[in-house]
Amino acid sequence: MPKRGIVASLLTAAGLVLLLSFKTPTQTSPTADGLDVGQRSTPEPARSNTAPSSRADSPTALPTATPTPQTASDTVTGPVIPTRFGNIQLKVTFSDGKIADVTALQLPNDRPRSAYISSVVAPFLRQEALQAQSAQIDLLSGATYTSEAYAESLQAVLDQNHG
Amino acid sequence: MADPRVPTGGSVRRVRVEHIMGTAIGIDLRDPFVAGSIFDEVFTYLRGVDERFSSYRPESQINRLGRGELEVGDCSPDVRQVLALCEELRVATGGSFDARAMQPDGHLDPTGVVKGWAVEQAGWMLAAAGARNFTINAGGDVVARGSPQAGRSWRIGIRHPVWRDRVAAVLEVGDGAIATSGTYERGTHIGAPSTGRSAGNFLSLTVVGPSLTYADAYATAAFAMGGGGPAWVASQPGYGGFAVTTDRRTVWTPVAWDLRAAPTS
């Protein structure tokens, strides 16, 4: 890895923190088993639809959950997406077929710095995911690294949920 | 509800993301019959390009060329091709895209063209392996082919340069490329070569067209041009521009306008 690549990544993360520190007054704290980025509680999930965690680039990563009609709230757990900063895994709650909430089960938190960045970035990413849903996009021009993995995890959830 | 394992073009999604050339490069492949080994081949190729063109590795061909240890004629064919592209783009953009002037000391740095060019080559590798429906997203520079699923095009959001939780626009693209230059991805890293100052008219400028090599270079050049950037993009056959101004208005050229997605919910 070229030095400049690492520096650029750090700068991107630092820039994100600088930007987000103005946007996310409410910060959560990292915990041993991950980070709850939801700013409100999950609205009474009617059932849980948990898929096995796996790398998304292997054939075994094909959606295996049985698609269910989205008439009530529903919770789906995405695969673990590895990034160079750590793993990302999301849980998405649907209500009437729409994303009601996004919770990160895993975000990079191996080092205090990463944990701090995650705690600041995660609420913002959740908001971005909710916004992306309303725009119904496949991909984003101008995405950063961690948000891309987050989007990937989210997409995997959406794919398995909608067949 | 279709069984996702039944290969009905586009219903199966395979994704891999790797960090190369200082950015995240993600491939989203929707063709189930294409062997998964193509991911290894493409990422190995991209890492090789990074090594040959890296300006941080003293022994890269680009740095040996800069030190006069290597003649252009002795470089590998892809290095010669990129150098020729740099010169072509310098002329085409009236000097706004200049691989030499982008560096403070004036040394040759084709980095600005290498990423777009390499990702476009990666797209051809996927196509040669039989892929018809895929995207490659290299830090926001996108190559798209085919469709994500039957009956619709790829919907590509352009991140808003100010409100990061919003998209400034959504474009619907089948076969095409999108590149965005702006002040937001890596800080203010794009300056007008002639002045060294940041271009002032736009917060971000997106170019869409058939080739990522040119879309990427055109976005860089048009952003540096300032107010005349979108009109210049519109003068390039087949290419369209979309920009967000510093006062947060949007500017479209006809080719980009024709690709805009209808607003949803």
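The values are calculated or read from the model by the stated rules, or taken from the named source; none is laboratory data. Because the structure is a prediction, the values reported are computed rather than measured. Ideal geometry is used to build each Cβ from the backbone, glycine not excepted, and the neighbour counts take in all protein chains shown.
Within the stretch B:29-71, the set of residues being more than 24 Å from B:Asp216 (Cα to Cα) and loosely packed, with under 12 Cβ neighbours inside 10 Å comprises B:Phe33, B:Ala35, B:Ser37, B:Pro58, B:Glu59, B:Arg67, B:Gly68, B:Glu69, B:Glu71. The sole residue among B:Val170, B:Val119 that is facing another protein chain (nearest Cβ under 9 Å) and either out of contact with any Phe, Trp or Tyr (no Cβ under 8 Å at 6 or more places or on another chain) or within 18 Å of B:Phe33 (Cα to Cα) (or both) is B:Val170.
For (1) modelled with pLDDT under 90; (2) closer than 18 Å to B:Gly94 by Cα; (3) touching a Ser or Thr at 6+ places or on another chain (Cβ under 9 Å); (4) more than 10 Å from chain A (Cβ to nearest Cβ), each residue gets a yes or a no:
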{"residue": "B:Ala179", "(1), (2), (3), (4)": "no, no, yes, no"}
{"residue": "B:Thr188", "(1), (2), (3), (4)": "yes, no, yes, yes"}
{"residue": "B:Thr206", "(1), (2), (3), (4)": "no, no, yes, no"}
{"residue": "B:Thr220", "(1), (2), (3), (4)": "yes, yes, yes, yes"}
{"residue": "B:Met225", "(1), (2), (3), (4)": "yes, yes, yes, yes"}
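The number of residues in the stretch B:210-242 that are among the aliphatic types (A, V, I, L, M) and more than 18 Å from B:Gly176 (Cβ to Cβ) comes to 4.
Six or more apart or on different chains, Cβ under 9 Å: which pairs go from a residue in the stretch B:144-155 that's more than 10 Å from chain A (Cβ to nearest Cβ) and touching a residue at least 12 places away in the same chain (Cβ under 8 Å) to one that's buried (at least 20 other Cβ atoms within 10 Å of the Cβ) and among the polar types (S, T, N, Q)? Could you list them? Going by the 9 Å Cβ cut-off, the qualifying pairs are B:Arg145/B:Asn133; B:Arg145/B:Thr135; B:Gly146/B:Asn133; B:Ala150/B:Ser11. Among the criteria (1) modelled with pLDDT of 90 or more; (2) part of a loop (DSSP other than H, G, I, E, B), the one B:Met1 does not fulfil is (1).
If only residues of the stretch B:237-260 that are free of Cβ contacts under 8 Å to residues at least 40 places away in the same chain and under 25 Å from B:Val114 (Cβ atoms) are counted, the one that is surrounded by the fewest Cβ atoms within 10 Å (Cβ to Cβ) is B:Pro237.
Against the test of being over 22 Å from the mean Cα position of the chain (by Cα), facing chain A (nearest Cβ under 8 Å), under 24 Å from B:Leu126 (Cβ atoms) and of a type outside the set (D, E, K, R), the options B:Val12, B:Val17 yield a single qualifying residue, B:Val12.
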